[in-house]
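Every number here is computed from the coordinates shown, using simple stated rules; none is lab data. Owing to the predicted nature of the structure, the values given are computational and were not obtained by experimental measurement. Here the Cβ positions follow ideal geometry from the backbone for every residue, glycine too, while neighbour counts run over all protein chains shown.
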Amino acid sequence: MEEDNKILWFDEEEETPEEITVSFQEYEISATPNDFNLNTIFDFIESGVVKIPGFQRNYVWDKKRASKLIESILINIPIPQIFLYEQSKNNYLVIDGHQRLMTIYYFRKKRFPKSEARAKLRRIFNERGEIPEEILFDDNYFVEFNLDLYDPSTKKKSLLHGLNYSTLGELKTSFDLRTIRNFFIKQMIPPNDDSSIYELFNRLNSGGVNLKPQEIRASLYHSLFYEELNMMNIDSRWRNLLGLEDPDIHMKDIETLLRGFAMLLKSKDYAQSMVRFLNSFSDKAKLLKKEQIDRLRRLFNAFLDSCSELGEFPFTLKTKKFNILMYEAVFVAVCEPYMDKEFGVIPKISMTKLSELKSDKDFIVAAEKETARKINIDKRLERARAILQ
C-alpha cells in the first residue's frame with residue numbers, strides 16, 4: 001500500500017501527441033570503452049570521480065538479486081557494461097549501471113541497506129549530500145552484507161553463501177581484480193547540449209526499472225539549485241501541503257517544485273513540450289548564483305508561510321489528490337508580485353479566494369484537457385492572477 005500511495009498521490013496530466021513525440025535529431029557522440037577492475041571502480045566512487053545518481057533514484061535490489069551479481073563476478077560470469085557520461089574532466093555520471101555499481105560498493109563496505117529504511121536514507125542524503133559512516137554502520141539503516149545464495153526451492157546453497165567481502169579469503173584478490181567494461185560517453189555535436197544524454201538515459205534504462213523524466217533530469221542537470229530543491233522538498237510545511245510524509249520515490253514532488261519556479265521565472269518562454277521546457281530550465285538553472293538561489297529560497301519560505309491557514313489538501317481540484325496544475329498557478333500568482341522587491345512576508349492566501357479559483361470555469365477547462373498546451377497554461381496563470389493577486 002505504501003508504494004501505491006507514492007504512485008497515486010498526484011493527479012496525472014493528460015499527455016497530448018505533441019508531448020510524447022520525439023523529433024528526429026542526429027547526434028555526434030564519442031563512446032570510448034575502458035576495462036576497469038573493481039578495486040579501481042570502488043576508488044572512483046569513493047573519491048567522487050564517478051557520481052552515481054543513487055538516492056535520487058532509490059536502490060531497489062533485494063539482497064538475493066545483489067548476491068547473484070556478486071556471485072557472477074566471483075565465478076567470472078560477464079556482467080553487463082556500464083555507461084558513464086563525461087560531464088567534465090574526471091567528472092563522470094552513471095547513465096546505466098547504477099544498481100550494479102551500488103551493489104559492488106555496498107559489498108565492499110560489507111553493508112546492505114534495509115528496504116524499510118531506504119526512504120529515510122534518501123532524506124539523509126538530501127540533507128548531507130552523502131551517507132555518513134555513522135549511518136552506514138547504524139543497524140537501523142543497514143545490515144551486514146553476507147551473500148544470500150540459498151535456493152529454497154531446491155534447498156541448495158552456493159559454496160559462497162554467507163560470505164562477505166572480509167571472509168572471501170583467496171577470492172578477495174580475484175574479486176578486486178575482476179574487470180567490467182565501461183563506456184565513456186561524450187556529446188561532441190552539438191556542443192554544450194545534453195539532449196543526447198537525456199535520450200541515452202531513456203533508452204538504456206528501458207529494459208529495467210524505467211526512470212521517470214525527473215529522475216533523469218535531476219541526474220543530468222544537478223546543480224546548487226537542485227540541491228536547494230532537495231532541501232525545500234523535505235521542509236515539513238511542504239510535506240504537509242503535499243500530504244505525503246516521505247519524498248516520492250520517482251521525484252514527482254521535486255518536479256512539482258521545479259515546475260513552480262520554471263513557470264514563475266520563465267513562463268513567457270514556454271513552448272511544448274513540458275519535458276523539454278523543464279530540461280531547458282534545469283540546464284539554465286546551473287548558472288544561478290548562490291545569492292539568486294538564496295532569494296528563491298526566501299521566496300519559497302514566504303510562500304509556505306502564506307499557506308499556513310489553508311488546512312489539509314489545499315491544492316486539489318476534482319479529487320483529494322494533489323494537483324500540480326493548481327499548485328503551480330497559485331505559486332506563480334502569489335509569488336509574482338514579490339519577485340522584484342525585497343520582502344519579508346507574503347499575505348496569507350485566502351481559502352475563499354482559493355475556492356473561487358477551483359470553481360472558476362475558465363480555469364477548470366484549461367486544467368482538463370491538453371494541459372501542457374501554451375494556451376491552457378497561459379489561461380490558468382491568467383485566472384490565478386485575476387483571482388489571487
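Applying the criteria of a DSSP loop state and at most 10 other Cβ atoms within 10 Å to the GluC sites (Glu not before Pro) of the range 103-170 yields E170. Sorted largest first, the spans of the alpha carbon positions of the range 28-189 along the three principal axes are 55, 37, 28 Å.
The chymotrypsin sites (Phe, Trp or Tyr not before Pro) of the range 303-389 that DSSP puts in a loop, and whose beta carbon has at most 14 other beta carbons within 10 Å, are F343. Taking amide H atoms as placed 1.01 Å from N in the peptide plane, the amide H of F36 lies under 5 Å from those of I180, N182, each 5 or more residues away in sequence or on another chain.
Karplus-based coupling profile of the range 147-159, in residue order and whole Hz: 4, 9, 10, 9, 9, x, 5, 9, 6, 10, 9, 5, 4, with θ = phi - 60° in 6.51 cos²θ - 1.76 cosθ + 1.60 and x standing for Gly or Pro. Beta bridges from DSSP with both residues in the range 28-189: antiparallel share about 75 percent, rounded to the nearest 5. For the range 213-274 and the range 108-159, what is the separation of their Cα centres, given in Å? Distance between centres, Cα-based: 28 Å.
Between amide H atoms placed 1.01 Å from N, distances below 5 Å from D96 occur with F83, all of them 5 or more places distant or on a separate chain. For the range 317-389, the Stokes-Einstein estimate of translational diffusion at 25 °C and a viscosity of 0.890 mPa s comes to 192 µm²/s, using the Kirkwood hydrodynamic radius over alpha-carbon pairs. Phi angles across the range 160-177 convert, under the Karplus curve 6.51 cos²θ - 1.76 cosθ + 1.60 with θ = phi - 60°, into 3J(HN,Hα) values of 8, 4, x, 7, 10, 4, 6, 9, 6, x, 5, 6, 4, 5, 4, 4, 4, 8 Hz, Gly and Pro given as x. Computed from backbone phi with θ = phi - 60° and the Karplus coefficients 6.51, -1.76 and 1.60, the 3J(HN,Hα) list for the range 73-81 is 5, 5, 9, 6, 8, x, 10, x, 5 Hz; x is used for glycine and proline. Among the listed pairs K318/K379; K89/K109; K114/K321; K186/K252; K64/K110; K64/K114, those whose Cα-Cα separation exceeds 20 Å are K89/K109; K114/K321; K186/K252. Convex hull over the Cα atoms of the range 224-265, averaged projected area in nm²? Computed as one quarter of the Cα hull surface, the answer is 3.0 nm².
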